[in-house]
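The values are calculated or read from the model by the stated rules, or taken from the named source; none is laboratory data. Everything quoted here is computed from the prediction, not taken from an experiment. Neighbour counts are summed over all protein chains in view; Cβ atoms, including those assigned to glycine, are modelled from backbone coordinates with ideal geometry.
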Amino acid sequence: MRITTIVAPALVLAACTTGGVNDLGETAAPGVAVAAKADYSAYLDRPPLMPEYERVELDNGVVLLLLEKPEVPLVGFEAIVRGGSTADPEGRAGTASLLAELLRKGAGDRDAAAFAATVEGLGGQLDTGAGPESLQVSGSFLSQDSAVAVGLLADLLMRPRLDEKEFLKLRDRAVQFIKAAKDGSPNRLLGIYAASYLYGDHPYGRPASGDERSLATIGIDDVRRYYDEQLGADRLIIAVAGDFEMDSMVSQLRQAFGGWRGAAGALPDYGSADEVAGSRVLLIDKPDATQTYFWMGNVGISKYFPDRAELNLANTIFGGRFTSMLNSALRIESGLTYGARSRVSQPREAGSASIVSFTRTESTVEAIDLALSVLDRFHAEGLDEAGLASARAYILGQYPLAFETSRQLARQMGQLEFYGLDTGYINAYAQGLVEANRAGISRVIEQVYPKRDELLFVLIGNAGAIRAEVSKYGTVTEMPITETRFSPD
C-alpha cells in the first residue's frame, strides 16, 4: 500500500468555462460589466479551493483519495471505474449505460427495493451513470452512516445482483426514452446524432445510452460479461470528502475493497479522431417538425489543451453565457431562437467544438447564416478589452461554487486522478485567467474553433421544407428520424 499526500499550491483557481458544465464543474453563465483594470487580488490571495488530501493506493490497484472536512456532518464520495461506453462491445452500444443503472437494482443481500429503501432510510443519495470513458457512482451520507455507505458502495460494485427482470425493465425504458424524444423532444438527441456523424467508427461516435437497434441486441449475458471484463480493482478510483476520521476511513475502504479482483479484459485502445472534411450536411427528417434543431462543428481538442484560461474566456464571450455573441445575435437582437450556444467538449482525446441552436422551420437558413456571420466575426475580431474584463470577473466569481460541498470536493478529486492532473489544475488557474490577454485568446480561437468552410452540419427538421435551402452548406445526407440508428447506414 502506498500513501501520498497531495499538496495544494498557494494560488487558487476561481473559475473557467467552456459553456455548460464540464468534468470539473466549470460553469458558463451571464457576465457583468466591469472596469478594464479591475483589482483581482481578492481572488489570488484567498485559500486554495482544493486543500491538501491523501492518496492511498491499495495493493490490488484501487486508488483512494481522502479529504477530511469536518465542518458539516456529511460524507460525500465519487467512485470512478475507467472504461465506459468506449468499451461497449461492437454493435451493442448502451451496454455500459445499462450496467451502470443495473448496479443500483439490487446488490449483496438486498434486492432492488431493499437497496433503494436502505439508501432512502438513511437520508442518503446514491447515483450511478456511464459516460464515454468511465462508469461513476456518486453520493453523500450522514457521517454517522459512513460505514453503512461504504458497505453499500462495496455491494454495488463488487456484488451486484444483475437481475434479468430488472435489466429488461431498464432496457425497455431506454428504448422508450429514445422513441419519446424522437416524437416530442428531438433536441435531446441532437448531440448524439452529431457525435455519430462526426466520429463515425471512432469509439466517441458510439451513443453512450445506445440506440434502438443496439439496445434490442443486448441481453443480460452481455451486461454480465461487460461487468466481468471491465470492472475491477485496477480500474477503480474512490474519492471521499467530509466529516470522517482518516485512519478509520482508510481501514474501512481497505477492508471493503482490498480483496477485489482485477478486470478480466483490456481497456479500449484508441487515439484522437482526425478533423473531418467540412461542407457536409446530415439532415434528419422529422416531417411534422415546426422547428429545426441545428449543430455545426468539427473535431476539437482534448482535456490536456494547455491554454485553458484563454479558451474558457473566449468561449464565455462567444457562446457560453446569456449575453454571449451567439445568443445576443440569434435571440436578443433577432428573436430567431430562445437560445444559441457554443460548446467545447474535452475528453481524454480530441472532443468537438460546436455551435448549437434551433429556430422555426421557415427561418432555418436565416438563423444558420446569422450564426455563421457571428463565427466569422469571432475569428476576425476576437475579444475586446471590455468583453475580456467582463468574462474574467464573472468566471472568477462563479467557479468557487463548484467546491462548496463534500460531494463536490470528492468529485473534483476523482476527476483530477482520472485525468492524471494535479491540484494546480484548480488552484493555480486564477493567475492564468488574470494574465490572459487578447493576443493569446485570438491564437486559441484560431486553433480551436473551425471556420465556416470547415464545419459539419447536423439538422433535425422537416426535410421537405428545408432540403433545397440547406444544400448550400454542403452535400446533404438524409435519414428519417424513425431510423433505429443515430447514423445513416
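Being of a type outside the set (D, E, K, R), outside any strand (DSSP E or B) and touching a strand residue (DSSP E or B) at 6+ places or on another chain (Cβ under 8 Å) narrows it down to one residue among Val276, Val281; which is it?
Working: Val281 fails: outside any strand (DSSP E or B).
One residue alone meets the criteria, Val276.
Tally the residues that are part of a strand (DSSP E or B) and surrounded by fewer than 24 Cβ atoms within 10 Å (Cβ to Cβ), restricting the search to the stretch 297-324. Please lay out each step first, then the result.
Just the residues of the stretch 297-324 that are part of a strand (DSSP E or B), to begin with: 297-299.
Those left that are additionally surrounded by fewer than 24 Cβ atoms within 10 Å (Cβ to Cβ): 298-299.
So the answer is 2.
Answer yes or no: is there a residue in the stretch 287-305 that is in contact with a Pro (Cβ under 8 Å, 6 or more places away or on another chain) and at pLDDT below 95.
Scanning the stretch 287-305, I find no residue that is in contact with a Pro (Cβ under 8 Å, 6 or more places away or on another chain) and at pLDDT below 95, so the answer is no.
For every residue, the table says whether it meets (1) out of contact with any Leu (no Cβ under 8 Å at 6 or more places or on another chain); (2) assigned by TED's automatic domain parsing to the domain that holds Asp288.
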site	(1), (2)
Ser363	no, yes
Ala367	no, yes
Leu375	yes, yes
Asp384	yes, yes
Leu401	yes, no
Ser406	no, no
Ala410	no, no
Gly414	no, no
Glu417	no, no
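Of the residues Leu135, Leu153, Leu157, which single one is in contact (Cβ under 8 Å) with a residue 40 or more places away in the chain and either farther than 26 Å from Asp247 by Cα or loosely packed, with under 15 Cβ neighbours inside 10 Å (or both)? Full working, then the answer.
Working: Leu153 fails: either farther than 26 Å from Asp247 by Cα or loosely packed, with under 15 Cβ neighbours inside 10 Å (or both); Leu157 fails: either farther than 26 Å from Asp247 by Cα or loosely packed, with under 15 Cβ neighbours inside 10 Å (or both).
That would be Leu135, the only listed residue that is in contact (Cβ under 8 Å) with a residue 40 or more places away in the chain and either farther than 26 Å from Asp247 by Cα or loosely packed, with under 15 Cβ neighbours inside 10 Å (or both).
Identify, by number, the condition in (1) touching a strand residue (DSSP E or B) at 6+ places or on another chain (Cβ under 7 Å); (2) surrounded by fewer than 20 Cβ atoms within 10 Å (Cβ to Cβ); (3) closer than 14 Å to Leu236 by Cα that Gly61 doesn't meet.
All conditions pass for Gly61, except number (1).
Of all helices (runs of 4 or more DSSP H) completely enclosed by the stretch 360-465, which ones contain at least 3 residues that are more than 24 Å from the chain's Cα centre (by Cα)?
Per the criteria, 364-381, 385-398, 429-435, 438-448.
Six or more apart or on different chains, Cβ under 7 Å: which pairs go from a residue in the stretch 382-410 that's among the polar types (S, T, N, Q) to one that's assigned to a helix (DSSP H, G or I)? Could you list them?
Between residues of the stretch 382-410 that are among the polar types (S, T, N, Q) and residues that are assigned to a helix (DSSP H, G or I), the close pairs are Gln408/Ala402.
Does the stretch 283-303 hold any residues that are within 22 Å of Glu349 (Cβ to Cβ) and in contact with a helix residue (DSSP H, G or I) (Cβ under 8 Å, 6 or more places away or on another chain), and which are they? Before you say what the answer is, go through the steps one by one.
Step one: list which residues in the stretch 283-303 are within 22 Å of Glu349 (Cβ to Cβ), which gives 295-303.
If the condition is that a residue be within 22 Å of Glu349 (Cβ to Cβ) and in contact with a helix residue (DSSP H, G or I) (Cβ under 8 Å, 6 or more places away or on another chain), then Trp295, Met296, Gly297, Asn298, Val299, Gly300, Ile301, Lys303 are the ones that fit.
How about the stretch 193-214: which of its residues are in a helix (DSSP H, G or I), among the hydrophobic types (A, V, I, L, M, F, W, C) and under 19 Å from Gly83 (Cα atoms)? Before the answer, list the steps.
Step one: filter the stretch 193-214 for residues in a helix (DSSP H, G or I), giving 193-199, 203-205, 212-214.
Remaining after also requiring among the hydrophobic types (A, V, I, L, M, F, W, C): 194-195, 198.
If the condition is that a residue be in a helix (DSSP H, G or I), among the hydrophobic types (A, V, I, L, M, F, W, C) and under 19 Å from Gly83 (Cα atoms), then Ala195 is the only one that fits.
In the stretch 340-355, is there at least one residue being surrounded by fewer than 24 Cβ atoms within 10 Å (Cβ to Cβ), farther than 15 Å from Leu311 by Cβ and among the polar types (S, T, N, Q)?
no
Results for (1) in contact with a strand residue (DSSP E or B) (Cβ under 8 Å, 6 or more places away or on another chain); (2) of a type in the set (A, V, I, L, M); (3) not assigned by TED's automatic domain parsing to the domain that holds Ser196, shown as yes or no for each residue.
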position: Gly297; (1), (2), (3): yes, no, yes
position: Gly300; (1), (2), (3): yes, no, yes
position: Asp307; (1), (2), (3): no, no, yes
position: Asn312; (1), (2), (3): no, no, yes
position: Asn315; (1), (2), (3): yes, no, yes
position: Gly319; (1), (2), (3): yes, no, yes
position: Leu330; (1), (2), (3): yes, yes, yes
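Is there a residue in the stretch 418-440 that is surrounded by fewer than 17 Cβ atoms within 10 Å (Cβ to Cβ), free of Cβ contacts under 8 Å to residues at least 60 places away in the same chain and either of a type in the set (Ser, Thr, Tyr) or within 26 Å of Tyr193 (Cα to Cα) (or both)?
No, the stretch 418-440 contains no residue that is surrounded by fewer than 17 Cβ atoms within 10 Å (Cβ to Cβ), free of Cβ contacts under 8 Å to residues at least 60 places away in the same chain and either of a type in the set (Ser, Thr, Tyr) or within 26 Å of Tyr193 (Cα to Cα) (or both).
Being in contact with a strand residue (DSSP E or B) (Cβ under 9 Å, 6 or more places away or on another chain), outside the structural domain of Leu190 (by TED's automatic domain parsing) and either within 30 Å of Phe403 (Cβ to Cβ) or surrounded by 20 or more Cβ atoms within 10 Å (Cβ to Cβ) (or both) is true for just one of Ala263, Ala239. Which residue is that?
Ala263
When you look at Ala410, is it of a type in the set (A, V, I, L, M, F, W, C), modelled with pLDDT of 95 or more and surrounded by 16 or more Cβ atoms within 10 Å (Cβ to Cβ), yes or no? Let's see the steps before the verdict.
Values: of a type in the set (A, V, I, L, M, F, W, C): yes; modelled with pLDDT of 95 or more: yes; surrounded by 16 or more Cβ atoms within 10 Å (Cβ to Cβ): yes.
Considered against the rule, which asks whether it is of a type in the set (A, V, I, L, M, F, W, C), modelled with pLDDT of 95 or more and surrounded by 16 or more Cβ atoms within 10 Å (Cβ to Cβ), Ala410 comes out as yes.
Only one of Asp288, Asp274, Asp222 is buried (at least 18 other Cβ atoms within 10 Å of the Cβ), touching a residue at least 24 places away in the same chain (Cβ under 8 Å) and among the acidic types (Asp, Glu). Can you tell me which? Please lay out each step first, then the result.
Working: Asp288 fails: buried (at least 18 other Cβ atoms within 10 Å of the Cβ); Asp274 fails: buried (at least 18 other Cβ atoms within 10 Å of the Cβ).
None of the others qualify; the one that does is Asp222.
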